[in-house]
Amino acid sequence: MTIDEIIAFLEGLDGVLALKPGPGDGTPEIAWGDAFFYYAPDGRVPTNVQPFATIVTKDYPDDTGSRLDRPDAFRVNVHAGREAFVRATGYSPREIPEVDSSAIDTVLPHPLYKSAGWLAVVNPGPATRETLLELISDSHARARARYERDAG
C-alpha cells in the first residue's frame, strides 16, 4: 500500500479532516510530510481530542525504533483501543513484550503509545492491508461516536 492509497481511504470516510503539514502553513518543520486524521464533520480541528490515525514519514527525536530513516519508509498509526489491540497482538496494551518496531508489513504495538491502545504498521503491504483498513474503519467509528456523544 502506498501513502496516497491510505490517505485516499481515510479521506473517503465520512467526516474526516486530514491535516497534512507543509511549508508555509505555520506548522513545525518536523511535521511536514506527515498526515493526521480527525473525525471533524464541521471541518475544524478538534481542540480536545487526538487524531484517530496518523501517518509519519520520518523518525522523531524520541521515536526512532521504527527506523523510518530507511528509504521510502513510513508508518501508519491507529488508535485501535484496548479490545482491537488485544485481538491484534494477543496482549493487553500494558503487557506488551519487547518487539522489533521496525518490522515491515506487520501489525505492531506503537513504539511510544502502545499503553494507550495505539497500533502501528511500517510500510503496510499484502500481509496487513485488510487488517489495517479494518483497524482504521473501527477507529473512525469510535471517533465518530465520541464526537456525537460529546456534541450530544
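What does the net charge come to around T89 if you take all other residues with beta carbon closer than 12 Å to its beta carbon, with K and R at +1 and D and E at -1? Present the calculation step by step, with values, prior to reporting the outcome.
Values: positive: R82, R87, R94, K114; negative: E83, E95.
Local charge sum for T89: +2.
Please report, in debye to the nearest 20, how large the charge dipole of region 91-152 is about its Cα centre when each Lys and Arg carries +1 at its beta carbon and each Asp and Glu carries -1 there.
On the way: 7 positive and 9 negative charges, 56 e Å.
Using Cβ point charges on Lys, Arg, Asp and Glu, region 91-152 gives about 260 debye.
With r as the distance between the Cβ atoms of L133 and R82 and R0 = 22 Å, compute the FRET efficiency 1/(1 + (r/R0)^6) and round to 0.05. Before the final figure, lay out the partial values.
Working: r = 20 Å, r/R0 = 0.91.
With R0 = 22 Å, the Cβ-Cβ based efficiency is 0.65.
Ranking request for peptides 19-25, 102-108, 8-14: highest mean number of other beta-carbon atoms within 10 Å first, then the rest in descending order.
On the way: 19-25: 11.6, 102-108: 18.0, 8-14: 13.4.
Highest mean packing first, the order is 102-108, 8-14, 19-25.
Rounded to whole Å and sorted largest first, what semi-axes of the equivalent ellipsoid does the C-alpha gyration tensor of region 3-151 yield via the square root of 5 times each eigenvalue? Could you put the intermediate results ahead of the total?
Values: eigenvalues 100, 78, 40 Å².
Semi-axes (√(5λ), whole Å): 22, 20, 14.
How much length would be gained if the chain were fully extended between R94 and V45, taking 0.36 nm per residue of separation minus their Cα-Cα distance, in nm to one decimal?
Working: separation 49, 0.36 × 49 = 17.64 nm, distance 2.95 nm.
That works out to 14.7 nm of additional length.
Over all pairs of distinct alpha carbons, what does the Kirkwood formula give as the hydrodynamic radius of region 68-150, in Å? Working shown, then result.
On the way: mean 1/r = 0.0765 Å⁻¹.
After inverting the pairwise mean of 1/r, the radius is 13.1 Å.
In sequence order, what are the phi-derived ³J(HN,Hα) couplings for region 85-99 according to the Karplus relation 6.51 cos²θ - 1.76 cosθ + 1.60 with θ = phi - 60°, rounded to whole Hz, with x for glycine and proline?
Per residue, the Karplus-derived 3J(HN,Hα) values read 4, 5, 4, 6, 10, x, 10, 6, x, 9, 10, 5, x, 5, 10 Hz.
Once you have the Cα-Cα distance between D69 and D150, take 0.36 nm times their residue separation minus that, and quote the gain in nm to one decimal.
Values: separation 81, 0.36 × 81 = 29.16 nm, distance 3.89 nm.
Between D69 and D150, full extension yields an extra 25.3 nm.
Using 7 Å Cα-to-Cβ label points, what is the A18/A141 separation (nm, one decimal)?
Those two pseudo-labels are separated by 2.2 nm.
Given R₀ = 30 Å, FRET efficiency for W32-A116 by Cβ-Cβ distance, to 0.05? Can you show the working numbers first?
Numbers: r = 25 Å, r/R0 = 0.83.
It comes out at approximately 0.75.
Laboratory data are not the source of any read-out in this text; all were calculated from the coordinates shown. Please read these numbers as outputs of a predicted model, since none were measured by experiment. Virtual Cβ from ideal backbone geometry, glycine too; neighbours counted across all protein chains shown.
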